[in-house]
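> Encoded as structure tokens, here's the structure I'll be asking about.
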């Protein structure tokens, strides 16, 4: 009699569980049915190409759109960005893993830092990179010297 009550209770319990959540064959063992495909891909970090462009103030680092790249004097080299919230509205972070454009060998070292939320920000010689919304066309450098804290990155392409 006890066995029959236990089996009846188990059947009721299983019915209640299956109506609360979807139970699939093998799910208790961490496997999905053969007709279901589950993919767990690592987040991808997109690459952003960097090169040098001649401007009215000399050769400066730019992205593939020709937007001038800047560094911020309040940032901590190799550690973090101090441009947050409203600052990022005017000075958008250059995101992704930076790579020298095809055929370009830069004078400095490209790298990355991590921002909150898993965002990867490009760096040059350890300083986070930004563009400036006030630069309305490729090759513009109107953000250079802004507030005494924003600077273009100058330099020449090395012969490679």
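> Can you work out which of the residues in the stretch 88-106 that are surrounded by 19 or more Cβ atoms within 10 Å (Cβ to Cβ) and modelled with pLDDT of 95 or more is farthest from residue 49 (Cα to Cα)?
Taking the candidates together, the pick is 91.
> Now for a separate question. It is to be established whether one or more residues within the stretch 69-87 are at pLDDT 90 or above, surrounded by fewer than 17 Cβ atoms within 10 Å (Cβ to Cβ) and farther than 19 Å from residue 151 by Cα.
Scanning the stretch 69-87, I find at least one residue that is at pLDDT 90 or above, surrounded by fewer than 17 Cβ atoms within 10 Å (Cβ to Cβ) and farther than 19 Å from residue 151 by Cα, so the answer is yes.
> Assess whether residue 109 counts as being free of Cβ contacts under 8 Å to residues at least 24 places away in the same chain, surrounded by fewer than 16 Cβ atoms within 10 Å (Cβ to Cβ) and under 22 Å from the mean Cα position of the chain (by Cα).
Spelling it out, residue 109 is indeed free of Cβ contacts under 8 Å to residues at least 24 places away in the same chain, surrounded by fewer than 16 Cβ atoms within 10 Å (Cβ to Cβ) and under 22 Å from the mean Cα position of the chain (by Cα).
The values are calculated or read from the model by the stated rules, or taken from the named source; none is laboratory data. All values derive from a computational prediction rather than experimental measurement. Heads up, the Cβs are rebuilt from the backbone with ideal geometry, glycines too, and the neighbour counts pull from every protein chain shown.
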